[in-house]
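The values are calculated or read from the model by the stated rules, or taken from the named source; none is laboratory data. Fair warning: this is a prediction, and the values are worked out from it, not measured in the lab. With ideal geometry, Cβ positions are generated from the backbone for all residues, glycine too; neighbour counts draw on all protein chains shown. Remember, those area values only see protein heavy atoms, side chains included, never the ligands or the DNA or RNA. Shrake-Rupley method; radii C 1.70, N 1.55, O 1.52, S 1.80 Å.
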Amino acid sequence: MKNTLRKFLLFLAIASFGTAVAQKQQAIPEVEALLKKMTLEEKIGQLNLLTPGGGVATGSVVSKNVEEKIKAGNVGGLFGVSGPDKIRQAQEIAVKKTRLGIPLLIGSDIIHGYKTTFPTPLGLSSSWDMNLIEQTAQIAAKEATADGINWNFSPMVDIARDPRWGRIAEGAGEDPYLGSQVAKAMVRGYQQKDLTNEATMIATVKHFALYGASEGGRDYNTTDMSRVRMFNEYLPPYKAAIDAGAESVMSSFNDVDGVPASGNKWLLTDLLRDKWGFEGFVVSDYTSVNEMIAHGMGDLQAVSALSINAGLDMDMVGEGFLTTLKKSVDEGKVSEETITQACRRILVAKYKLGLFKDPYKYSDSKRPKRDILTDANKNLAREAARKSFVLFKNENNTLPLSKTAKIALVGPLADSKNNMLGTWAPTGDPQLSVSILEGLKNVAPNAQITYAKGANISNDSSFAKKVNVFGPRLEISEESPEALLAEALKAAENADVIVAVVGEASEMSGEAASRTDISIPESQKVLIRELAKTGKPVVLALMSGRPLVITEELDLPVSILQIWHPGIEAGNAVADVLFGDYNPSGKLTATWPRNVGQIPIYHSEKNTGRPAPSEDFEKFKSQYLDAPNAPLLAFGFGLSYTTFDYQNLQVSKKEIAQGEAIEVRVDVTNTGAYDGTEIVQLYLHDVVRSLTPPMRTLKGFENVFLKKGETKTVVLTLEADDLKFYNGSLDFVAEAGEFEIFVGGDSNASLKETFTLN
């Protein structure tokens, strides 16, 4: 009797919760009318997301009997299918061969461009150019919708401070302020102001939440942190994306406070909906509902019930909702109103896209030719790539190169189209990309270029097999490593300069591509060492999806240009920078460690009670025996072919009241021989507060173009909220006291001013 009463009370609580949420959301008459016609089974069907295969899947499961399930009303959306004709066929089945004719959502992973592939997101974030980032998302949406897709599983906004984690390549790096700006820009680009426009699509914020903090930098792994750290350091980009109007959220694979995100009520309801006011729908990641069984949360029925009661609306591929929810309703474990509310959210999204008015609006066969891979799109890809490059070192001012130089172009990535697009570019065609060899010839047709591979990306065949799951990315030559090296050294003999394109294959970073050793593979290290011994000027064009350990390479007499994986216009963009048609302006958005032992390492670390001395070793201080605390390359770092000087830092007021903004002014002068862009950065330090403060946090930046010899006064504004943080009660507050500001070209900026908040 007691158990029966408990079940009944639980059922009432669940039902009342669903009703309360429904009352918060503005009712759409067309949706409410449709819901009244739907059976429980039809509502559950709308919560089922399937893939017919054919695209890149992130799990081993591919849905079966998809067409039959659509006809049975058991599918709310598809992903992994594209093309106006195919989308029309799918929609015709849903609209014409089901009782209620509800159209489908058509999703896809469009992470850094659709057919026109832009640099990987970590690289793109290194441009610090929000207008550019928004434009890339807008072009991605235009191309994807031309191919029938109306829902994007992007942006990924996870803060990542462990470069062993391969998916650091998919986000904007380590900083919550910069990450928030990027998140907003991408949501604006995908959705713009009108989702009924045929060139816009639903954005999905992922992975909610904290996925970038997985232990050991290992994909799908456990995450554990305090609520204070969550709110101050990891949650801001998600909230920024929600505030920008993102209509969809994807749950993450990891647990949060011991409960997997896909079944975490605090995360999906208490925080996302009740505190942040999100009214869109939440989709699971690929089979993440089913994977809660392995987490130890119960059988498929139990984890499915847990998920929908927690606030998850759509089950990706796993079909746990489809096969167990009706039984859970019959047993009083899930209320029908909870299912109705989840269904309502899916239907509202379809309504906002205009699919009920025109289910075939994304099936215009004329659009692909008109909107995809246009010259304008590729021009933007070229601009985005060159703005993403970061100059680490310019030995003896080797760069820029002469367009008539004799160049030995070497390295396993110098003529490798398969690696130009980077990780998570399943919709792009690598063979349409411009290789580095092609780009140099395009931009400098009068240069004398001799090419030699020089080395394999790696000589390890077992490693290559893991990297090549999606096709040949790491190819091992039939020639011996010694023969490859000899060819490179021969090419270098008559050269004026050596350009070596080295680093990671595209799938050495990304999902399921975590690495414990993030140095350049030994096969390429041998090549680099031998090239440096020639005495010729050497330029390393370093390609990667993550920060690497390049302590040895930085010590060699070589220049280094970090080019990430640049996208479809890779070679042209690299040549633009190497030959000086564009002056590199990118700045790092993730700290580069000296070695793996420093990880995690990031610019906004807190001080300790025993801070290390600035120089020399001192026992019983917070430091290492075998390496400095400082990183190899700081957050915000990046050189130019010119130089910049900062002077006359001023604040508009030395004392401000609560709620006031403050202006920060600084004079920046181009003191070198080239025109160039400097990314001016503002960092804040709250000197004394109730929770230990970070040593400095990014709070503003501006891209400033300066002609050689020119000076500009840059004005950055600290808004009232920039002084706030989440305290121990998770209240967002600014505490009275002294603040320090630092302005300069990276997170080590030394120009300082102070002000007081009363």
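Taking only the Cα atoms of region 348-507, the radius of gyration and Dmax are 20.6, 68 Å. Mind pulling the angle between the C-alpha long axis of helix 522-533 and the longest principal axis of the chain? Nearest 10 degrees, somewhere in 0 to 90. Its long axis makes an angle of about 20 degrees. Among the trypsin sites (Lys or Arg not before Pro) found in region 553-630, those both in a DSSP coil and sparsely packed, with 11 or fewer other Cβ atoms within 10 Å of their Cβ, are 619. Each stretch of four or more DSSP H residues adds -39500 (n - 2.57); spread over every residue of the chain, this sum gives -8500 deg cm²/dmol at 222 nm.
If you model region 293-349 as an ellipsoid using its alpha carbon gyration tensor, with each semi-axis the square root of five times an eigenvalue, the axes come out at 18, 13, 9 Å, biggest first.
Solvent-accessible area assigned to carbon and sulfur over region 426-561 amounts to 51 percent, based on a 1.4 Å probe.
What region 605-657 shows is 66 Å² of accessible area per residue, with the surface traced by a 1.4 Å probe over protein heavy atoms. Relative contact order of region 611-758, taken over Cα pairs closer than 8 Å and 6 or more residues apart, is 27 percent. Computed over region 336-488, relative contact order equals 19 percent, with contacts defined as Cα pairs under 8 Å that lie 6+ residues apart. Using DSSP to define loop residues, name the GluC sites (Glu not before Pro) in region 510-605 whose beta-carbon has at most 16 other beta-carbon atoms within 10 Å. Of the GluC sites (Glu not before Pro), the ones in loops of region 510-605 whose Cβ has at most 16 other Cβ atoms within 10 Å are 605. When each of the peptides 126-132, 730-736 is scored by how many other beta carbons lie within 10 Å of its residues on average, the order from highest to lowest is 126-132, 730-736. One decimal place: the segment residue 690-residue 615 gains 24.0 nm when fully extended, by the rule 0.36 nm per residue minus the C-alpha distance. Taking the longest Cα principal axis of the chain as reference, the axis of helix 300-310 is set at about 80 degrees. Taking only C-alpha pairs under 8 Å that are 6+ residues apart, what is the relative contact order of the chain in percent? Once divided by the residue count of the chain, the mean separation gives 13 percent.
Counting heavy atoms of the protein chains alone, residue 427 has an accessible area of about 20 Å² for a 1.4 Å probe.
When 345, 529, 99 are compared by accessible surface with a 1.4 Å probe, the order from highest to lowest is 99, 529, 345. By a 1.4 Å probe calculation restricted to protein chains, residue 371 has an accessible surface near 10 Å², given to the nearest 10.
Over the chain, the pair-distance histogram of Cα-Cα distances with 20 Å bins from zero comes to 17, 48, 30, 5, 0 percent, rounded to whole numbers. The angle between the Cα long axis of helix 481-493 and the main principal axis of the chain comes to about 50°, on a 0 to 90 degree scale.
All alpha carbon pair distances within region 416-554 were sorted into 5 Å bins beginning at 0; the resulting P(r) in whole percents reads 2, 9, 19, 22, 21, 16, 8, 3, 0. Need one number for region 135-271: average projected area of the convex hull over its C-alpha atoms, nm². Taking the Cα atoms of region 135-271, their convex hull projects to 8.0 nm² on average. What GluC sites (Glu not before Pro) does region 85-154 have in DSSP loop regions with at most 10 other beta carbons within 10 Å? The qualifying sites: there are none. Taking a quarter of the surface of the Cα convex hull of region 193-287 gives a mean projected area of 6.6 nm².
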